[in-house]
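The values are calculated or read from the model by the stated rules, or taken from the named source; none is laboratory data. Fair warning: this is a prediction, and the values are worked out from it, not measured in the lab. Cβ atoms come from the backbone with ideal geometry, glycine included; neighbour counts cover every protein chain shown. The area values use the complete protein model at the heavy-atom level, side chains included, leaving out ligands, DNA and RNA. Shrake-Rupley method; radii C 1.70, N 1.55, O 1.52, S 1.80 Å.
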Amino acid sequence: MKVIEKVTADAVTDVVCDVCLTSTRVADEGLEFATFQAHWGYGTQHDGERYELHLCESCFFSTLAFLKKERRVQNLFSEDACADVVKADGNLGLVATDDYFPDHNGKPTVK
């Protein structure tokens, strides 16, 4: 037996970039955005604070470029074993490539 009722539900219709305030809607594709999150735990300076920023593609890669630059600057005179990794920071944070079909959870599959 089917029980039918009218239901009102909220749905995400757009995500606006928190930096440049532009829509992340891509024609005939849906929404394309990155999420930058933090949840600071017990004992940290920002204990209990949560952050969530939504970034368009341009702002995401501008932010990533800034972080790569900071990584190079912070390790400029480092003689650690990680020095070679720091120099090759082109893949900072990259976990998959050519991943056009996310798994059933909406997360990219790692190769």
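Observations
- Rounded percent of accessible protein surface that carbon and sulfur make up, the range 7-82, 1.4 Å probe: 54 percent
- Per the Debye calculation on the range 1-74 with a single equal scatterer at every Cα and no solvent contribution, log₁₀ I(q)/I(0) for q = 0.14, 0.18, 0.22 Å⁻¹ amounts to -0.68, -0.89, -1.03.
- Size of electric dipole in the range 1-79: Cβ of Lys, Arg +1 and of Asp, Glu -1, about Cα centre, debye, nearest 20: 140 debye
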